[in-house]
Amino acid sequence: MNSAKSPWYIIKSQVPKDVLGRLSRQVPNFAGKILCQEYGNDVAKIARKTLNKAGQTLADGEQIYEGKQYCLRQKQGTLTIIDKRGRGEILKSERGKLEGNLSLDDIDKFQDVGQIL
């Protein structure tokens, strides 16, 4: 039995990605909510690490990072990820509670960033 830990940026889920991909095509809003619950904590962790390494801190204490596709914001412990391509807010993490509508593309992009950090 291999007990070696995967790198922190490898996002894991109990639901296979091919199943989630089919759900995303058939019922996108429902799948987005499942993806948020399955992957949201990992995406939030990568977003926070991005803010800490590359974000700007504003005078009011808010951290912000503007990428090509996403805007990351964190103020008073509330993390918000906004898709700049028109989908709006895709993830909000506040006091341990996750809300959002993630796509498989979002998860892949954040995992790619996690490998770079």
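The values are calculated or read from the model by the stated rules, or taken from the named source; none is laboratory data. Computed from a predicted structure; not experimentally measured. As a convention, Cβ positions derive from the backbone with ideal geometry for all residues, glycine included, and neighbour counts pool all protein chains shown. What goes into the accessible areas is simple: the full protein's heavy atoms, side chains included, and nothing from ligands, DNA or RNA. Shrake-Rupley method; radii C 1.70, N 1.55, O 1.52, S 1.80 Å.
Quick notes
- Looking only at the stretch 58-74, and only at residues there that are out of contact with any helix residue (DSSP H, G or I) (no Cβ under 9 Å at 6 or more places or on another chain) and assigned to a strand (DSSP E or B), the one that is farthest from Gly86 (Cα to Cα): Glu66
- Among the residues of the stretch 89-96, at least one is hydrophobic (A, V, I, L, M, F, W, C), touching a Leu at 6+ places or on another chain (Cβ under 9 Å) and closer than 28 Å to Asp18 by Cα.
- Residue within the stretch 63-79 that is open to solvent by 30 Å² or more (accessible area, probe 1.4 Å), in contact with a Cys (Cβ under 8 Å, 6 or more places away or on another chain) and farther than 19 Å from Leu35 by Cα present: yes
- In the stretch 30-47, the residues that are of a type in the set (Asp, Glu) form Cβ pairs under 9 Å with partners that are part of a helix (DSSP H, G or I), at six or more places apart or across chains, as follows: Glu38/Leu20; Glu38/Ile107; Asp42/Ile107; Asp42/Phe110; Asp42/Gln111; Asp42/Gly114.
- Screening Lys84, Lys68 for residues that are touching a strand residue (DSSP E or B) at 6+ places or on another chain (Cβ under 7 Å), at negative phi and not acidic (Asp, Glu) leaves exactly one candidate, Lys84.
- Restricting attention to the stretch 48-72, the residues being over 18 Å from Ile116 (Cα atoms) and free of Cβ contacts under 8 Å to residues at least 12 places away in the same chain number 4.
- Cys36 meets all of the listed conditions (1) in a helix (DSSP H, G or I); (2) at pLDDT below 75; (3) in contact with a Gly (Cβ under 6 Å, 6 or more places away or on another chain) but one, namely (2).
- Condition check for Asn101: open to solvent by 20 Å² or more (accessible area, probe 1.4 Å) and touching a Pro at 6+ places or on another chain (Cβ under 9 Å): yes
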